[in-house]
1. Compute the distance in nm between two label points, each set 7 Å from the Cα along the Cα-to-Cβ direction, one at Q304 and one at R345.
2. Give me the orientation-averaged projected area of the Cα convex hull of region 1-80, in nm², one decimal.
3. Rounded to the nearest 0.05, what FRET efficiency is calculated for L10 and M256 with R0 set to 60 Å and r the Cβ-Cβ distance?
4. At 1.4 Å probe size, put I19, I312, I298 in order of accessible surface, largest to smallest.
5. Please state the relative contact order of region 1-71 as a whole percent: Cα pairs under 8 Å, 6+ residues apart?
6. Measure off 7 Å from each Cα along the Cα-to-Cβ vector at D451 and V44, then give the distance between these two points in nanometres to one decimal.
7. For the pairs K406/K463; K460/K484; K319/K406; K319/K460; K460/K483, flag any whose C-alpha to C-alpha distance is greater than 21 Å.
8. Which lysines, if any, have their Cα less than 17 Å from the Cα of K158, not counting same-chain residues under 8 positions apart?
Amino acid sequence: MYTEYLQNMLVTAGLTMPIRRGNELWGLIACHHYGGPLHLPYPVRVACEFLAQVVSLQHKAAEDREHMLYRLQLEDVHRRLIATAALTCDLSRITEGQLTLLDAVQAGGAALYEAGRWWHMGRTPSDDQLDGLVRWLATRPEYIQSSSPMYATDHLAKDYPAGASLASVAAGMFALPLARGLSAPHGVMMWFKPETMQTIQWGGNPHEKPTVTGPHGPRLTPRVSFEMFAESVHHRSLPWQSVEIESAARLRVLLMELVVARAERLADLNADLMRSNEELDTFAYVASHDLKEPLRGIHKYAHQLLEDAAMITADRQVKLASLMRLTERMDSLLDSLLHFSRVGRLSLELEPSDLNVLVSEAIEMVGSRRDDMSTEFIVPRPMPTIYCDWVRCREIYVNLLSNAMKYNDNASKRIEIGWIAPGEAPQPPGRTPNTSDSPTFYVRDNGIGIDSRYHTQVFKIFKRLHPHNAYGGGSGAGLSIVKKLVERHHGNVWFESTPGEGSTFYFTMSGSTGDRT
Ligand code: ADP
């Protein structure tokens, strides 16, 4: 084929010298002679061979030097990124500031999934497109099974058909997982290269396979046409360099070590926090329990002194009466504190609970407490059955309902008790959309409302927004107990309110309809 090829070009003598890169053939120096045979003497051939060897060595040295410089440059960037992440224990910090993950590899954009969200640098696909890519990556063996998991391509659309529409930002993609759990989305860092339209000049159309029939059947012939065949290549990016891939894999290992160290630290902190919460609850319990005894003594002596009214002046009688009132108030505060600490320590008895029955019990309890016929309780649709501690969940409703009645000047008080299913419109305000499978419950009133300034304060123990005997009095512990009970059920509580118009208290109980174990 080769001599036929030369004949086609009217070449009569040829000399070919290889340019090697290690053991691989990298290129050729090809010399053609026209117009008859030509014999090169031995010293000329040796000199040519020597020349080809020098070119090979020079070429390899130049390429190695270039790679080495690039590797050192990348490693410096990685070292500084790791230092930033380690200092703050926050991976997302390597996505902002002067030096980011986008400097770690030559690319048009980079994305990191960390702390439950995507962080973008440069030009990247959208969050939804990234989620789709990560779901697809979790099906690639090289990404999930290999000891050095990664995926790198300069032609994403070839493996991932939906990638064709991403070509302007992500014709090429390089992804490294940062977490072991491969549910989507998961910890991952990704780099993207845009489409680079390449025009390849072929010596003949590479898609035509010219064959002739020889003595042994059909065989390939050198292409007869020497016209340049230009082919445009679509949906391709410039390739990822092996230096980039190797050093990014090292960066991944270091970042994963940080992730593990951070998880361990968090677990330690959580254990400490739980211990100190338990200690605090026990302390509050013991302190309030023990304080009640001397208080009873004070109350008893004040009472005895008051009984001997003839012996003391009217002015002192008033003071003694105040002393008794104060001891009674302190007694009720201690009761609340005792109860609050008990709520933190008791173990919940979770069971399927029909909220229709539970809520009607709660209404009965607050209704019988205050014989108030002007209050209308509305349950707009049947309540679901959820998995919770019956007594504690009823306590949540009793607290919210009694507040809805207490903090209400309206001649006709209207209290609505309902729930919003996940994904149902309108979703409750003031929180990110509820993505769990459990509903959001609410208690809405047309009462005096609360200024949004107090949105965290009202949940603090003993915090009242009014003088302690206004609006029927209270110890200021009700909402803090509600918060603790909701949190014991892995939920959240918050409110939305317009002063003068009313308030709505919302709460969730995570896993209340799903996880029943
Ligand atoms: P307490 O009712 O014993 O004072 P809570 O912890 O139940 O204690 O409530 C804290 C404060 O939040 C109350 O003093 C009141 O000012 C405010 N608050 C609670 N619920 C409502 C409501 N439905 N409407 C208006 N204000 C409320």
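The values are calculated or read from the model by the stated rules, or taken from the named source; none is laboratory data. No experiment lies behind these values; they were computed from the predicted model shown. Here the Cβ positions follow ideal geometry from the backbone for every residue, glycine too, while neighbour counts run over all protein chains shown. To get the accessible areas, we keep the full protein, side chains included, count just its heavy atoms, and leave off ligands, DNA and RNA. Shrake-Rupley method; radii C 1.70, N 1.55, O 1.52, S 1.80 Å.
1. 3.2 nm
2. Values: hull surface 29.9 nm².
Result: a mean projected hull area of 7.5 nm².
3. Values: r = 62 Å, r/R0 = 1.04.
Calculated transfer efficiency: 0.45.
4. Values: I19 20, I312 45, I298 80 Å².
Result of the area sort, largest leading: I298, I312, I19.
5. Details: 62 pairs, mean separation 21.1, N = 71.
Relative contact order comes out at 30 percent.
6. 10.1 nm
7. On the way: K406/K463 16 Å; K460/K484 10 Å; K319/K406 30 Å; K319/K460 31 Å; K460/K483 9 Å.
With Cα atoms farther than 21 Å apart: K319/K406; K319/K460.
8. Partners within reach: K193.
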